[in-house]
Amino acid sequence: MKVKSSIKRRFILLPMALLVFHTVNATHNRAGEITYVQKSDLTYEITLTTFTYTLSFADRPTLEMEWGDGTVSTAQRVQMVLLPNQYRKNVYIIDHTFPGPGVYKIVMQDPNRNQGVKNIPNSVNVVFSISTILTVNPALGRNSTPVLLNPPYDKAAFGHIFIHNPAAFDPDGDSLSYKLTVCTREDGKPIENYTLPPATHSIRVDSISGDLIWDTPADTGKFNVAMEIQEWRNKKKIGVVVRDMQIEVYNTNNKPPVNAGLRNYCVEVGKPVDFIFSATDPNQDSIRLRVTSGVFDIANCKATFRDSVRNKGFSSGRFRWVPCHEAVRNQPYDVIFKSEDNEDIQLADIDNIDIKVLGPPPNLKTAIPEGKTIRLSWDNYGTDYIAGFSIYRREGTFNLVMDSCTSGLPQNSGYVKVGYIAGSNTTSFIDSDNGNGLQYGREFSYRIVAVYPNGTESKPSNEIRSNLISGVPVITQVSVSTTGSSNGAIHLAWLKPADSIPPPYKYRIFRAPGISGDQYQLIKEQTDTTMVDSLLNTQTTGYLYRIELINSTTNQQIGEPSYASSIYVTALPGDRKARFVVSRNVPWINAHYDFFRFNPATSRWDSVGTTTQLNFVNTGLENGKEYCYYVRSVGNYPSAFLPKNLVNYSERICVTPVDNEAPCIPALNVTSQCDSLYNILTWTLPDSLCIDDVAGYRVYYKLTNEENLNMLTDIQDKNTKMYRHSPGEIISGCYAVTTYDINGNESFKSVMVCIDSCDFYEIPNVFTPNGDNINDRLIAKTSGLVESVNFKLYNRNGMLIFSTEDPRLDWDGTYKGNIVTPGVYFYSCDVFERRITGIEQFHLSGFVHVITEKGSKLQPPVTK
């Protein structure tokens, strides 16, 4: 799984140098947010957190809170924390009781903002205000806002991507989303003429991860942004917290540390998440690692992070968490990993991962029919924390394939919730009809899930099958003995009732067309336990039978009737094959189905396969030739006291295979010839037999992710498995290939392959601006995908002598009109390339050796 943020290298500047001291004692507010914890139906504990400038004389021991209900209160400061970069964290806490249900906007406003905030006109005279929207609704249940664990004191570097993540942790497990909003002034109103900070490309908030991504700062100075953290429950927005924060942008030549790759995790309770988080620093600076998340605050299973190695240029630590049942919730936990170097101007790299915690699957042991009910039993779940169990049932079986990160049962599984039983130590449940579809003569499958107090379901249990078995009579055979459209016959057999039911009695036999029909017709009354039902259409339908035990003296029914159907098989022709689907509705469980095919050469029925499933495919056939089959089922009643080895036969069915299927799907490979601007597509077939059915191939293409695949070419030669495509200057794109046969049957598209590897951009390390018309200009080699660059060239003293956005660079070697002196020059270059995902950025740095005299030779670098 991928880490949510698509930006791998993220640079955050953390300067330690003192800022310019401001004497205006009211200009101190830098950032803040309002959060709350619900204490009762109408009472909340409100926490106001502000971040102020420590070098300002201004200080606020108290702040006023406007509650949105027409009242105002004064909150007292309860905590002060000094943070890096002249930030002070101030925490104010106050309780408030709202008058009743409603939506309230809590606002704090305080003069004033910092002086010199570039994207807020006249910021020194603009009020600093923050707000939170609170919904009072007892029907929603208790609610507390997310807690923002990551303080907003990070700094940005000019020309480098800046990332901030608030590390929002919701204690209720509600889902969160994020968006940019406008900074506000008095009364929580938007600031007039407010603009977003200037960006070379964009400034945005990832709505899923919460990453505030500034790509990249185009100016230095102070800037303020605001982001909403929106809280959702049952697909309804129930609250909004706004974080207003200040970002200061500086110039720096320091290089940031680089985090090693991370991934997301899905883990069951009791199974550890245990890995090493490490970072390297290109300047060989020492590195400090920090990890922030709500997983460090879960009382019964706190995560740990401990530094294990801290060397020059490298640091690593071990993250370990063994989740407990109290950690199970629908939403994943967000964990922020941050590395900081210890330069005078500090840089950092940030990544975040998700950890989804799931309850383990219960172990369902038995599903035993008891009269008109089925009793389920399972092992003790092993914790007192859960609320109870939900019971799910479906008719028939389902091959449930669950991924490791999904809890509960998917809607397409066909399972329906038929009950819930409270109690963490509960180990059984009785499923009765009660109008919810539990009927005799049908096979049912069960799964259960544990339900946690927050409503989260565990992973589903194993599947157990059962039938509701009637007491009398017990049917043992419903077998097709003759196949015909009007002269077909079915043989029925059942057991006599137990000795506890005295004679005289007789049986009433009812029949309904179809495997699960309900249009029953009385066809016979008799005292024998076998009969042949004849003159039927067994060729195109099956039949369901109901047999009742009747007291011959009183003519009253004894007990419940029994139900069982014949086996009915449908066949579908395929290319050199026949597909079969078995239908049945019986009170026993069929262990397997045996398929037989008529052999005209021997006039015998040969066995062609056995399956435990209701589907079967017979391959290796000849198209246009008729084949005839029947099926034999072998089954058992689940009870030890009821019959075993019940054998029944289906009708005989014939099918003629035809070529109505597409050939196999090819496997595609794509490579790029960057210098020649074309892509080479090659493909293979999964087996040697597939090519016999192939008549040609179709190639599909799209330039970007947003487009649809369109057919590029039709290759009418099955032996040609290569295509060269020259799309133009931009050779990135996505491809897929299909096969088709002579009948026009086209396969599904191959796995789409996107080619995006031509980041061919090379800056020469030597050039000679000496007027001999050979290598006189510094020209970059590029594949044509490069939209622009941000190229800067410095001399050894760090002075900028040349810059350009032209991808070719095309520098003539001059500074202020004169040829520069021979020597080594350092460059830094951000390259912006057009890719299938849009504009992507990568960074280059290195040296250019300038030789200005004819015949001069590059001297090797002097080593110390």
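Below, the figures for the structure above:
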| quantity | calculated |
| --- | --- |
| At R0 = 30 Å, FRET efficiency that the Cβ-Cβ distance of E805 and K179 yields, to 0.05 | 0.45 |
| Residues whose placed amide H lies under 5 Å from that of D211, excluding near-sequence neighbours | D206 |
| In nm, spacing of pseudo-spin labels at T619 and N253 (7 Å Cα→C-beta vector) | 6.7 |
| Relative contact order %, the stretch 188-271, counting alpha carbon pairs below 8 Å whose residues are six or more apart | 20 |
| Prolate/oblate/rounded call for the stretch 460-564, Cα gyration tensor, a/c under 1.5 rounded | oblate |
| Value in Å of the Kirkwood radius, where the stretch 703-827 supplies the Cα pairs that are averaged | 18.8 |
| Residues whose placed amide H lies under 5 Å from that of Q115, excluding near-sequence neighbours | none |
| Karplus-derived HN-Hα couplings along the stretch 378-395 (A = 6.51, B = -1.76, C = 1.60, θ = phi - 60°), whole Hz, x at Gly and Pro | 8, 5, 4, 6, x, 8, 8, 7, 6, 8, x, 9, 9, 10, 10, 9, 9, 7 |
| 12 Å cut-off, amide nitrogen to a point 7 angstrom out along V634 Cα→Cβ, residues in the stretch 565-600 | 591-595 |
| Sparsely packed trypsin sites (Lys or Arg not before Pro) within the stretch 142-227, loop by DSSP, other Cβ within 10 Å at most 16 | R142 |
| Of K365/K496; K105/K356; K189/K338; K236/K417, those spanning more than 30 Å from alpha-carbon to alpha-carbon | K365/K496; K105/K356; K189/K338 |
| Rg to Rh, two decimals, where the stretch 608-745 supplies the alpha carbon set and Rh follows Kirkwood | 1.23 |
| Relative contact order (%) - criterion: Cα under 8 Å, at least six apart; region: the chain | 6 |
| Surface share of carbon and sulfur [accessible, 1.4 angstrom probe, percent] for the stretch 279-362 | 41 |
| Accessible-area composition of the stretch 182-233, carbon plus sulfur, in percent [1.4 Å probe] | 48 |
| Fraction in percent of alpha-carbon pairs per bin - 5 Å, the stretch 185-316 | 2, 7, 11, 13, 15, 17, 15, 10, 7, 3, 0 |
| Kirkwood-based shape ratio for the chain, expressed as Rg/Rh from alpha carbons | 1.10 |
| The stretch 595-720, accessible surface, carbon-and-sulfur percent (1.4 angstrom probe) | 47 |
| Distance in nm between pseudo-label sites at V78 and N645 (7 Å out along the Cβ direction from Cα) | 7.7 |
| Anchor K255: aspartates and glutamates whose Cα lies under 14 Å away (excluding residues fewer than 8 positions away in-chain) | D281, D285, E340, D341, E343, D344, D349, D830 |
| Tensor-based shape of the stretch 110-165 (alpha-carbon gyration tensor, a/c under 1.5 rounded, otherwise prolate or oblate) | oblate |
| Signed unit charges on C-beta, dipole axis of the stretch 621-728, positive-most listed residue N679, C654, C664 | C654 |
| Inter-probe distance in nm under a simple model that places probes 7 Å from Cα toward Cβ, at Y420 and D776 | 8.4 |
| Solvent-accessible area per residue, Å², over the chain with all protein chains present [probe radius 1.4 Å] | 45 |
| Amide H within-cut-off set for I287, under 5 Å, with H built and near neighbours excluded | G313, F314 |
| Whichever lysines have a C-alpha closer than 18 Å to that of K89, once near sequence neighbours (fewer than 8 apart) are set aside | K155 |
| Calculated FRET efficiency for the pair T195/F296, C-beta based, R₀ 30 Å, to 0.05 | 0.20 |
| Normalised contact order of the stretch 626-736, rounded percent, pairs of Cα under 8 Å and 6 or more residues apart | 22 |
| Reciprocal mean inverse distance between Cα atoms of the stretch 302-451 - Kirkwood radius, Å | 19.2 |
| Dipole-positive endmost among L793, I163, S562 within the chain (Cβ charges, Cα centre) | S562 |
| R0 of 51 Å, Cβ-Cβ distance Q556-A591: FRET efficiency to nearest 0.05 | 0.90 |
| Net lengthening on full extension, T43/K816 (0.36 nm per residue, minus Cα-Cα) | 271.3 nm |
| Proximal lysines to K781, defined as alpha-carbon separation beneath 22 angstrom and excluding residues fewer than eight positions away on the same chain | K792 |
| Cα gyration tensor of the stretch 238-395 - equivalent ellipsoid semi-axes, whole Å, descending | 46, 18, 12 |
| Net lengthening on full extension, T852/R60 (0.36 nm per residue, minus Cα-Cα) | 278.8 nm |
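The values are calculated or read from the model by the stated rules, or taken from the named source; none is laboratory data. No experiment lies behind these values; they were computed from the predicted model shown. For neighbour counting, all protein chains shown are included, and Cβ atoms are generated from backbone atoms with ideal geometry for every residue, glycine included. In case anyone asks, the SASA skips ligands and DNA or RNA and just uses the protein heavy atoms, side chains included. Shrake-Rupley method; radii C 1.70, N 1.55, O 1.52, S 1.80 Å.
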